[in-house]
Amino acid sequence: MTKFDLELAIEDWKKTLRRNPALEDGQAAELEAGLRDEVGALVSNGADPETAFREAVTAMGPAADSGREFFKAKRTRRSARPSWQPPRFVPALVWSYFQVALRKIRRQKGYAFINIAGLAVGLACSILMMLWISGEKGFDRFHLSGDSIYRLVTETRNENASILDARAPTPCAPALKDEFPEVEDFCRFRTNNGNYGIRFGDQVSFTDVIGIADPSFFTMFTFPFVKGDPKTALNDSRSIVVTESLARKFFGDEDPMGKILTVTRDPYTVTGVMRDVPANSHLQFACIIPAVNMHEYHHVDFANWQSRFFSSYVRLNREARPAETEPKLSKALSRNMNKPNLSLRLQPLEDIHLKSDFAFDLDNYNQGSAATLTLFALAAAAILLLACINFMNLATARSSNRAKEVGMRKVTGAQRVDLIRQFLGESVILSFLSLAAAILILWAVLPPFNSLSGKTMSLAGLLRPGLLGAAVGVALLSGLLAGFYPAVYLAAFEPARVLKGTFTGGERGRAVLRKGLVVLQFGLTAFFLFGIIVVDKQLRFMRTKNLGVDIQRVVTMTVPPRRSFLDAVRTDARILNASQSIPPGTSLRTAADVVWEGKQPGDLTSFYPSKVDPEFLDTFRAEMTEGRFFSRNIQTDQTDAVVVNETGAKAMGPGSAVGRRLTLTAMSAQGEIDTRTYTVIGVMKDFHQTSLRQAIEPIIFTDDGNQFPYLNIRVRATAIPETLKFLEDAWNTAVPDRLFPFTYAFLDDRFDAFYQQDRRTRAILGIFTILALFTASLGLVGLAAFIAEKRTKEIGIRKVLGASSRGIVLMQVREFLAWVLAANALALPAAYLAAGSWLQGFAYRVEPGIAPALLAAAFSLIIALLSVSYKAIRAAQANPADALRFE
Amino acid sequence: MGSKDLIAAPAKAVILSLLLSGENYGYQIIKRVRRVSGGALQWSHTMLYPVLHQMEREGLIRSEWKTSPENRMRKYYSLTERGLAELAEEKARWREVQTALRKLLDPMTAVD
């Protein structure tokens with residue numbers, strides 16, 4: 001411990017006094033005299049100097065206090081502002097701030113462009129996502145009692161998974177209403193899949209979607225009527241409610257009420273006209289007919305619990321808690337069906353759009369995906385972050401340009417807070433300019449983006465107060481975020497150092513931070529690049545994977561029960577094969593109960609029944625691994641034989657499946673539940689019935705495809721257009737009354753459609769990747785330009801000393817490339833994990849492997865190289881005399 | 001004694017009265033006030049000097065830097081003519097206040 005020195009202690013104390021702007025020197029001296037008197041008196045009373053000093057200081061009172069007291073004593077007005085405190089608001093300065101901000105933009109067009117363009121792109125992405133999210137979240141919110149409506153989702157648990165079906169057994173909803181008082185009402189709904197038309201006189205439409213619903217539809221859901229009574233409109237079994245646009249299409253300006261429309265062959269009387277269905281409804285239709293007609297058209301047995309045809313909705317009373325009701329309803333279902341592995345889930349109406357990933361969902365509308373939405377929202381936020389980083393980076397990098405301004409302002413009395421406010425103001429001005437640019441960008445990109453994403457977003461959506469506020473808020477926030485660090489950094493400059501000229505700007509610490517930000521930017525970019533490469537790889541894999549069947553050049557169609565058409569097709573030479581079967585690419589309906597010899601009790605394996613005919617094998621070029629396929633020449637095949645796929649054979653346990661007897665309970669074409677015993681005659685090689693997202697399920701094939709309206713035709717590669725023409729002519733001959741439309745699809749297109757959503761994801765992710773790359777390289781261009789400028793003299797000297805241009809370019813580029821490599825090293829493992837979890841959604845998937853990582857790294861290096869080289873080469877080629885002339 | 005304002009309020013009168021017995025300096029003033037008031041008035045330097053400066057500007061007192069017997073610089077304050085006059089007024093004012101307060105705070109013993 002050092003000895004206490006009174007004089008030193010008093011010196012220190014005086015220093016603290018001097019920091020106080022209110023104390024004049026004379027006053028300080030007087031205080032010092034007082035202190036010395038106190039100390040002297042205490043010491044003479046026997047205290048040691050150190051204690052005396054401390055006590056004396058305490059007796060003096062704190063320094064700040066004394067300043068205020070002295071000022072109070074001097075002032076002439078009670079509320080006067082001390083001269084050493086700046087005025088709170090100086091109008092002339094605001095104008096100066098504005099001028100300086102605009103001058104900076106004008107004089108440094110390149111940097112202003114980088115900042116504004118980057119922020120504008122980031123803001124445009126963010127606003128786009130806001131529009132998208134608010135649209136997606138707004139689905140199905142217009143129903144008055146929407147918050148008490150639930151859809152019944154049927155869950156079937158088997159040994160390895162549970163299958164969720166968006167439909168419920170047909171009699172389920174009414175039974176629940178009868179049994180449970182909390183179920184106030186129910187309604188079943190589905191749409192026809194365009195396979196029967198609506199006609200009025202000689203006008204016919206196959207494209208308008210016919211909704212099929214219980215009469216309670218219009219009391220449960222809120223679709224406002226223009227004419228007619230929603231309560232009774234569907235009471236008559238041959239009544240039809242049409243939307244305004246359908247009414248206009250068929251009846252023009254005439255009153256639609258009471259007009260007769262023909263659906264299939266039956267007359268339906270218009271009993272109501274409703275407003276068009278809003279786009280943000282998961283229930284989409286052009287007209288509604290009562291559900292009872294399905295008994296006739298689709299053999300729906302309304303008393304049969306095995307039948308699943310409709311999506312069923314229930315409305316619970318206000319007091320009911322779904323969490324308590326759900327198990328009760330589940331119990332009722334498994335009791336009624338005598339199956340313990342069945343249960344019901346109550347899906348809130350508002351969740352249907354974003355949170356449905358079920359089998360047999362309504363397929364005539366564009367379903368949303370919460371996961372995709374999150375992915376895109378994060379991507380947009382990342383791009384905005386990149387732009388903000390650019391701003392921070394450039395602003396601090398160029399800080400030495402503004403050091404003199406900061407110095408002058410401080411010398412003339414500006415405080416740190418004032419400067420921070422000024423610089424934040426500048427960045428907010430820039431961010432609002434960017435917001436204006438962002439809205440222009442959106443105006444330009446919304447139409448193509450809508451067609452890519454299948455949405456109908458418009459800038460008008462931005463006019464809703466919430467969204468507009470959010471957009472302005474994001475702009476303000478990003479302005480503040482981007483400006484905060486530079487503002488604090490700039491405002492901290494010490495005027496003496498800056499104005500004396502000893503200040504160089506960009507000290508070591510700052511440079512490290514700037515590099516860190518570049519690493520972060522390129523890390524995000526590498527993440528995106530890796531992601532898009534993996535998504536692309538998976539999509540290619542799915543497109544080219546051998547499905548086990550040949551789906552190229554197979555035309556599939558739904559045919560009317562007209563022998564003449566089938567005969568015409570079968571005898572035409574241009575057609576290689578024709579098979580009446582459920583084609584690959586069609587989801588097989590409900591799993592069937594299968595009992596085989598030796599089945600373990602408790603084995604919950606579900607088999608999916610597929611209806612085929614003997615031509616199936618040749619038409620789809622499928623293969624057998626064991627036994628034989630159905631044959632036209634063996635009569636008993638239709639009634640006594642089944643074929644299973646390999647997965648099915650494996651599920652039946654060890655030993656050959658061929659020759660085993662099994663009992664199948666399934667629904668016949670007539671909608672009756674049929675239990676029959678068959679012999680397994682063969683095992684078919686596994687093929688993919690549906691999307692590669694799903695694992696191959698056990699399938700059981702029966703030879704009764706000719707009872708279903710499917711027809712698949714393999715055509716010659718050389719004669720596709722003629723064959724299609726021939727098919728259409730044959731159709732028109734066979735169906736002269738145009739009761740059924742001639743429609744067909746190529747099977748490979750149908751498989752492609754499984755991945756439509758994934759292709760959209762790829763396209764949108766691709767756009768984001770490009771934007772991220774664009775923003776990050778903008779930042780790099782700016783930084784490289786700045787550094788080249790800083791090093792002008794160094795480069796000049798190096799050249800004078802004999803360095804080659806190439807060497808100098810390399811020197812500059814090498815550093816940037818090292819950062820970008822570091823960014824890749826950090827980001828790619830994270831990207832690898834993220835891609836892995838996305839791939840989990842596919843039962844059959846690629847391994848990301850090392851190639852996408854190398855590709856992403858190489859690509860980001862090339863982009864970085866291109867961004868940096870231009871300025872680097874310019875700097876290297878400059879005449880050293882120019883750089884050194886003023887030295 | 002209580003709040004800061006209450007301590008500072010009579011400062012002018014007290015200082016003038018103390019300086020009546022001759023010139024004095026900060027530390028001594030503080031000590032005297034403390035002793036005479038029996039510790040009820042605890043002034044600090046930072047409170048005292050601004051008051052002294054204010055009074056000096058009003059011409060009630062004058063100040064002079066002198067070397068003390070301990071060979072240190074000290075600022076001594078002494079009364080002016082105006083100060084003397086002011087002291088009389090201040091005394092009268094405080095007596096009035098004193099009487100008024102006594103009556104107000106203890107109304108039972110007060111005589112009208």
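Every number in this text was worked out from the coordinates using simple rules, so none of it is lab data. Bear in mind that the values here come from a model prediction, so they are computed numbers and not experimental data. In this analysis, Cβ positions are derived from the backbone assuming ideal geometry, glycine residues included, and neighbour counts consider all displayed protein chains.
Observations
- In this structure, the amide hydrogen of residue A:289, modeled 1.01 Å from its nitrogen in the peptide plane, lies closer than 5 angstrom to those of A:211, A:212, A:213, counting only residues at least 5 positions away or on a different chain.
- Among A:579, A:312, the order by Cβ neighbours within 10 angstrom, fewest to most, reads A:579, A:312.
- Under 18 Å of direct C-alpha separation, and excluding same-chain neighbours fewer than eight residues apart, residue A:611 reaches these lysines: A:685.
- For residue A:799, the lysines whose Cα comes closer than 24 Å to its Cα, not counting residues fewer than 8 places off in the same chain, are A:790, A:871.
- Note on segment A:511-634: Kirkwood hydrodynamic radius from all Cα pairs is 20.0 Å, rounded to one decimal.
- Evaluating 6.51 cos²θ - 1.76 cosθ + 1.60 at θ = phi - 60° for every residue in segment A:873-878, the Karplus couplings come out as 5, 4, 5, 6, 8, 4 Hz, glycine and proline recorded as x.
- Tilt relative to chain A, helix A:508-544 - C-alpha long axis, 0 to 90 degrees, to 10: 10 degrees
- Cross-linked pairs A:331/A:599; A:104/A:410; A:177/A:227: Cα-Cα separations exceed 21 Å for A:331/A:599; A:177/A:227.
- Close Lys-Lys pairs in chain B, where close means Cα under 17 Å and separation is 8 or more or interchain: 5
- Calculated over segment A:698-754: convex hull of Cα atoms, volume per residue (Å³): 141 Å³
- Amide H within-cut-off set for residue A:577, under 5 Å, with H built and near neighbours excluded: A:714
- Full-stretch length increase - residue A:100, residue A:14 - with 0.36 nm per residue and alpha-carbon distance subtracted: 26.9 nm
- Rg in Å to one decimal, and Dmax rounded to a whole Å, for segment A:244-293 via C-alpha atoms: 11.7, 32
- The modelled label-to-label distance between residue A:833 and residue A:850, using points 7 Å beyond Cα along the C-beta direction, is 2.2 nm.
- Helix-only CD estimate at 222 nm, as mean residue ellipticity for chain A, using -39500 (n - 2.57) per DSSP H run (n ≥ 4): -17000 deg cm²/dmol
- In the protein assembly as shown, the C-alpha radius of gyration followed by the widest Cα-Cα span (Dmax) gives 44.5, 142 angstrom.
- Most positive-pole-ward Cα, A:532, A:876, A:588, against dipole of the protein assembly as shown from beta carbon charges: A:876
- Gain on full stretching of the segment that runs from residue A:757 to residue A:488 - 0.36 nm per residue minus C-alpha separation: 92.3 nm
- As computed over segment A:602-716, the Cα convex hull volume per residue (Å³): 130 Å³
- When the charge dipole of the protein assembly as shown is built from unit charges on Cβ atoms (+1 for Lys and Arg, -1 for Asp and Glu) and taken about the Cα centre, the candidate among A:742, A:243, B:24 whose Cα reaches farthest toward its positive end is B:24.
- A Förster radius of 35 Å, combined with the Cβ-Cβ distance separating residue B:88 from residue A:44, puts the computed FRET efficiency at roughly 0.40.
- Each Lys and Arg Cβ is given +1 and each Asp and Glu Cβ -1; about its Cα centre, the protein assembly as shown then shows a dipole of about 4820 debye.
- Dividing the Cα radius of gyration of segment A:730-857 by 2.2 N^0.38 Å, with N the residue count, gives 1.94.
- Centre separation in Å (Cα based) which lies between segment A:266-322 and segment B:40-75: 97 Å
- Pairwise FRET efficiency - residue B:105 versus residue A:814, Cβ, R0 = 60 Å, nearest 0.05: 0.10
- Spatial separation of Cα centroids for segment A:811-829 and segment A:513-591, in angstrom: 38 Å
- Set of segment A:272-312 residues, backbone N closer than 17 Å to the point 7 Å along the Cα-Cβ line of residue A:238: A:272, A:289-297
- Under 19 Å from the Cα of residue A:500 - aspartates and glutamates, other chains or at least 8 residues apart: A:405, A:887
- FRET efficiency estimate (nearest 0.05) - Cβ-Cβ, residue A:303 to residue A:564, R0 35 angstrom: 0.45
- Ordered by the count of other Cβ atoms within 10 Å of each Cβ, fewest first, A:639, A:663 give A:639, A:663.
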